[in-house]
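First the structure, in the form of structure tokens, and then the observations on it.
The values are calculated or read from the model by the stated rules, or taken from the named source; none is laboratory data. Predicted model, so just to flag it, every value in this text is computed and none were measured. In this analysis, Cβ positions are derived from the backbone assuming ideal geometry, glycine residues included, and neighbour counts consider all displayed protein chains.
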Amino acid sequence: MDAVNPVKGNAQKAQDDVLVRIEKLWTVFGQGEKAFSVHQDLDLEVRRGEILTIVGGSGTGKTVLLRHILGLTRPSRGTVRIDGQEASALPTEGASARMGMLFQHGALFSAFNVLDNIAFALREQDSLPEEVVRDAALVKLQMVGLKPEHALRMPSDLSGGMIKRVALARALIMDPPLLLLDEPTAGLDPLGSDEFCALLLDVQRELGLTVIMVTHDLDTLYALSTRVAVLAEKKVIVVGTPEEVVQFKHPFIETFFLGERGRRAMQPLPQQAAQ
Ligand SMILES: Nc1ncnc2c1ncn2[C@@H]1O[C@H](COP(=O)(O)OP(=O)(O)O)[C@@H](O)[C@H]1O
Ligand SMILES: [Mg+2]
């Protein structure tokens, strides 16, 4: 409590609640006449402990936005800050301790078994004894719902759902506070997708993670999102709970949320209800 200046106290708290702050971001690719912009004056805040879902049409710059947060793409203008620090200025060393990433086509290292895939970032640090590395990887293996006997399997012997689980364990090996997911349920069947969402929610709660996710799957969006940010016209046009965002008048939102697929996702198990 700040008895002297409660307003300032609240402002400070609001600041601390924000883990990722993107301000007036411009992303321009290409040179001269071929230059084109993907983001223009894009603003976005991601709060600690939330699952923020980014949606937008194909090619609207969702993956590029994740790359900015990872510090892999530098803003042409504007800033991307993680905990107050400029993302692209942070050293690549130790990056996996700051944030975990599940890539859209997140292949595992095919020559490494499951445990060695999970342990990769920790082993790369070369600072811990082998038993400690193995134990840490086994803890993560179990956290994602796999069994110790899966540890020695090779990626080629895993189902799509298991590959996602291993990729998640690998992203979390350094206990990062922030997890980025690019289309985490793409390529999974509906059952596998539901299972992976349930796992993500468990892990997010257990570890108190902040999650930034890109998805075009409405079931995944409704299962996981605290808030949704809609990317259109080179910026974030609206951010809010799924219920709030659906109310926003914009052609993309109408097509995306209120089309056939959208209505289905908002009414769980309509077939069963009709029977
Ligand atoms: N490194 C790059 N150089 C040039 N253009 C790029 C680069 N990365 C992405 N783009 C372009 O930026 C746009 C947004 O890409 P992306 O973020 O991958 O879209 P999506 O929203 O489908 O994830 C696309 O037109 C893509 O071709
Ligand atoms: Mg993409």
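Some values worked out for this structure:
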| quantity | calculated |
| --- | --- |
| For ILE54: the one exception among (1) of a type in the set (A, V, I, L, M, F, W, C); (2) at pLDDT 95 or above; (3) surrounded by fewer than 21 Cβ atoms within 10 Å (Cβ to Cβ); (4) within 22 Å of VAL228 (Cβ to Cβ) | (3) |
| Verdict on THR241 being crowded, with 17+ Cβ neighbours inside 10 Å and in contact (Cβ under 8 Å) with a residue 12 or more places away in the chain | no |
| Filter result for the condition that a residue is polar (S, T, N, Q), away from ligand 1 (no atom under 14 Å from the Cβ) and at pLDDT 95 or above, over THR92, THR79 | THR79 |
| Single match in PRO155, PRO176 (criterion: closer than 24 Å to ILE212 by Cβ and not polar (S, T, N, Q)) | PRO176 |
| Identity of the residue in region 104-116, at pLDDT 85 or above and not acidic (Asp, Glu), that ends up nearest to ALA167 (Cα to Cα) | LEU108 |
| Any hit, region 25-33, residues being closer than 30 Å to LEU218 by Cβ and either of a type in the set (S, T, N, Q) or in contact with an Asp or Glu (Cβ under 6 Å, 6 or more places away or on another chain) (or both) | yes |
| The listed residue being in contact (Cβ under 8 Å) with a residue 40 or more places away in the chain, closer than 14 Å to LEU231 by Cα and of a type in the set (Ser, Thr, Tyr), out of THR73, THR63 | THR63 |
